[in-house]
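Okay, so here's the structure we're looking at.
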Amino acid sequence: MLRDVSLEVQSGEVVGVIGPNGSGKTTLFKAIVGLLKPRKGRIFYDGRRLDGLSTHAIVRRGIVYVPAERELFPQMTVLENLELGAYVNHEAKGELLEFVFSVFPRLKERRGQMAESLSGGEQQMLAIARGVMARPKALLLDEPSTGLAPLLVSGMYRQLSRLSAEGLTILLAEQQVPLALSFSARAYVLENGSIKLSGESRELLGDPEIKRAYLGVA
C-alpha cells in the first residue's frame, strides 16, 4: 500500500526509485499506468490526469511500463514481439524497428528466433525494446537488472544511456542502489509505501543513511 507518495519527473529526465523488496516500487508503477486503481490521490502527465484512465489509454498518452517479469510472448519470434509493441504506432513500425535495432544490434541478429530461446540478458533487451516500439514519451522500467549477470547489466545500462541521450524520459525502479543512483539524475527512496528521502542522486549516494541501509557501509 502506498501512502502520501508524491513525486515529479521532468521531460527528458532519468529519475530513480530505490527501496527494498516490498517497499512499493512495483505498486507505484502499476498505479501510474492504470494496472492498479488508487483509492485516493491524483496522477498527472503533461498537465492531464491519468488516474481513472485505462492502461490502453495511458499507453496512447505515451507512458509505457516494462515489468520486472518481462512478459514476453515466448512462442513468438523476436520480430513478432517487437511488432506487437508498435500496435499504437503501426504506421511508424519500420522506422521504429530501424531505431531499436541500432540500439540493440543483438536483437537484429536474433530477430527470427523464438523469444523463449534467448538468454536472460537478451530477453531483457527485448522487453525494453518492445516498450520503445510504442514510441513512449516516458518509459517506466521496473527492476531491469533482475536475474542478470553483472556484465549483462552493464551492457544493458549502456543501451539505456543511449535511449536517455535521445531525450527519452525514464523512471527507473532498482534494488541495485549504486546502479540506480549512478544512472539517474534524481531519486526517491521508498520504504513501507512512503517516500523516506529524495534528492539529487549524487547526494543520496553520499548520504550516510543510504550507505548504511543499502550499501552496507557503516
Any idea what angle helix 150-165 forms with the longest principal axis of the chain, computed on alpha-carbon atoms, 0 to 90 degrees, nearest 10?
90 degrees
Give the angle, between 0 and 90 degrees and rounded to the nearest 10, that separates the Cα long axis of helix 120-132 from the longest principal axis of the Cα atoms of the chain.
90 degrees
Could you derive backbone 3J(HN,Hα) for region 184-193 from the dihedral phi with the Karplus parameters 6.51, -1.76 and 1.60 (θ = phi - 60°), listing whole Hz in sequence and x where the residue is Gly or Pro?
8, 8, 9, 8, 10, 9, 9, 9, 6, x
Per the 1/(1 + (r/R0)^6) rule, R0 = 22 Å and r from the Cβ atoms of Arg3 and Asp51, FRET efficiency to 0.05 is 0.85
Cα centroids of region 140-218 and region 70-98: how far apart, whole angstrom?
27 Å
Per the helix-only calculation at 222 nm, which mean residue ellipticity applies to the chain, given -39500 (n - 2.57) for every DSSP H run of n ≥ 4 and division by its residues, nearest 500 deg cm²/dmol?
-11000 deg cm²/dmol
For helix 93-103, what angle does its Cα long axis make with the longest principal axis of the chain, in degrees from 0 to 90 and rounded to 10?
60 degrees
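Just the Kirkwood number for region 73-135, please: inverse of mean 1/r across all distinct Cα pairs, in Å, one decimal.
Details: mean 1/r = 0.0899 Å⁻¹.
For region 73-135, the Kirkwood estimate is 11.1 Å.
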If the label point is 7 Å along Cα→Cβ of Arg39, which residues in region 183-201 have backbone nitrogen under 20 Å from it?
191-195
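Extension gain Met76-His90, at 0.36 nm per residue separation less the Cα-Cα distance, in nm?
On the way: separation 14, 0.36 × 14 = 5.04 nm, distance 1.82 nm.
So the chain would gain 3.2 nm between Met76 and His90.
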Taking 7 Å along the Cα-to-C-beta vector as the label spot, tell me the Glu203-Glu69 distance in nanometres, rounded to one decimal.
3.8 nm
Anchor Lys40: lysines whose Cα lies under 25 Å away (excluding residues fewer than 8 positions away in-chain):
Lys25, Lys30, Lys196
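Note down the net charge around Glu13, summing +1 for each Lys or Arg and -1 for each Asp or Glu among other residues with Cβ under 13 Å from its Cβ. Numbers along the way, then the final one.
Details: positive: Lys137, Arg186; negative: Glu8, Glu200.
Charge balance near Glu13 sits at 0.
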With Cβ to Cβ distances under 12 Å as the rule, what net charge do the other residues near Thr27 carry (K, R +1; D, E -1)?
+3
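In square nanometres, what is one fourth of the surface area of the convex hull spanned by the alpha carbons of the chain? Present the calculation step by step, with values, prior to reporting the outcome.
On the way: hull surface 46.9 nm².
Approximately 11.7 nm², given one-decimal rounding.
Coordinate-derived values only; no laboratory data. None of the values given here were measured: they were computed from a predicted structure. Please note: Cβ atoms are built from the backbone with ideal geometry, for glycine as well, and neighbour counts cover all protein chains shown.
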